[in-house]
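Heads up: the structure comes next, in structure tokens.
The values are calculated or read from the model by the stated rules, or taken from the named source; none is laboratory data. Keep in mind it's a predicted model, so treat the numbers as computed, not measured. Neighbour counts run over all protein chains shown; Cβ positions are idealised from the backbone, glycine included. Remember, those area values only see protein heavy atoms, side chains included, never the ligands or the DNA or RNA. Shrake-Rupley method; radii C 1.70, N 1.55, O 1.52, S 1.80 Å.
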Amino acid sequence: MSDPTLSGAGPDARSRRIDMAPQPAHESPGTGGPTVFDIKDVGVFYGDFKAVKDVNFTVAKNEITALIGPSGCGKSTLLRSLNRMNDLIPGARVEGTVSYHGKDIYESGVDPVEVRRRIGMVFQKANPFPKSIFDNVSYGPKIHGVPRAERDDIVEDSLRKAALWDEVKDDLKKSALALSGGQQQRLCIARTIALQPEVVLMDEPCSALDPIATARIEELMVDLAEQFTIVIVTHNMQQAARVSDKTAFFSTEVNEVSDTRTGVLVEFDDTQRIFTTPSDVRTENYVTGRFG
């Protein structure tokens with residue numbers, strides 16, 4: 001990341017530049033790594049509806065953090081707030097602070113496009129472009145002005161990191177839509193990391209995959225965590241237990257008057273502790289299958 005800012009494009013970008021150079025490193029509580037995200041009192045609204053409230057936890061560098069909980073508890077909503085994807089939804093707004101290396105990504109003047117370049121996302125359903133395998137992976141670097149000669153190397157490196165290169169290296173001009181579901185999801189991971197983000201957000205990346213493809217994605221996540229910081233939403237508690245270092249358990253509070261549900265963070269801790277000795281009975285009830 002040669003550019004230490006998350007600034008807007010255009011002739012007045014210099015005056016609106018927000019310095020995003022890492023601040024003096026501080027450790028995430030209970031970890032040995034520096035903090036990438038510090039999430040404080042975060043709530044997300046859709047219009048007047050409060051989808052999730054009062055979220056507080058940190059994400060450490062090169063760790064996998066899992067967000068678990070029943071449907072409708074705000075996991076994906078919270079995940080999308082970490083790279084401002086909620087900005088694309090009319091009426092959505094975020095309160096509280098989402099600090100990335102000590103800088104609030106919602107601060108005035110921060111360019112959301114640059115935020116999403118540094119903090120990439122892989123969606124629940126594989127969404128390859130109707131283009132060749134090569135063009136899918138090179139798309140991001142291309143629109144950012146990377147020369148073709150460099151894009152060749154980026155495509156190979158990204159496909160290798162996504163554990164897909166050996167399967168497609170002789171068919172890079174083949175349509176991405178001809179790949180299997182698991183291959184398409186790994187292609188989408190390659191397309192995300194081609195922009196060299198620091199963080200990869202994954203919103204239930206295995207929910208549409210068979211067990212064999214799921215196992216490959218899980219192995220890939222563990223490998224990618226050596227270079228990237230990963231935050232994953234999953235309904236699969238076994239998956240969270242297998243791959244994550246930290247786990248955040250979300251549940252819902254019901255407003256009896258309006259009959260609406262708001263997501264709340266119940267507990268955040270080391271994954272092993274969440275699944276063996278949780279501190280909140282709601283967490284214990286969820287991980288033991290008593291509800292959810």
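Points worth noting:
- Some residue of the stretch 203-213 being at pLDDT 95 or above and closer than 27 Å to PHE291 by Cα: yes
- Listed by first and then second residue, the pairs with beta-carbon distance under 6 Å, at least 6 apart or on different chains, first residue in the stretch 106-126 and free of Cβ contacts under 8 Å to residues at least 40 places away in the same chain and within 16 Å of VAL200 (Cα to Cα), second among the basic types (Lys, Arg) and open to solvent by 10 Å² or more (accessible area, probe 1.4 Å), are PRO112/ARG84.
- Taking the criterion of being of a type in the set (Gly, Ala, Ser) and part of a loop (DSSP other than H, G, I, E, B), the residues of the stretch 207-252 that qualify are SER207, ALA208, ALA225, SER244.
- Cβ pairs under 7 Å, 6+ apart, first in the stretch 92-105 and within 11 Å of ASP41 (Cα to Cα), second polar (S, T, N, Q) and modelled with pLDDT under 95: VAL94/ASN86
- The strands (runs of 3 or more DSSP E) found wholly in the stretch 42-146 and carrying at least 2 residues that are closer than 26 Å to ASN255 by Cβ and open to solvent by less than 40 Å² (accessible area, probe 1.4 Å) occupy 49-60, 64-68, 92-100.
- Filter pass, ILE189 being touching a residue at least 24 places away in the same chain (Cβ under 8 Å), closer than 19 Å to ASN62 by Cβ, part of a helix (DSSP H, G or I) and not hydroxyl-bearing (Ser, Thr, Tyr): yes
- Index of the failed condition, GLU256 passing every other in (1) in contact with a strand residue (DSSP E or B) (Cβ under 7 Å, 6 or more places away or on another chain); (2) open to solvent by 30 Å² or more (accessible area, probe 1.4 Å): (1)
- Note on the stretch 269-292: among residues that are among the β-branched types (Val, Ile, Thr) and surrounded by 14 or more Cβ atoms within 10 Å (Cβ to Cβ), the one that is modelled with the lowest pLDDT is VAL287.
- Selection of the stretch 259-268 for residues being among the β-branched types (Val, Ile, Thr) and either crowded, with 17+ Cβ neighbours inside 10 Å or assigned to a helix (DSSP H, G or I) (or both) yields THR262, VAL264, VAL266.
- Checked against (1) within 28 Å of LEU195 (Cα to Cα); (2) surrounded by 19 or more Cβ atoms within 10 Å (Cβ to Cβ), ARG242 passes all but a single condition, namely (2).
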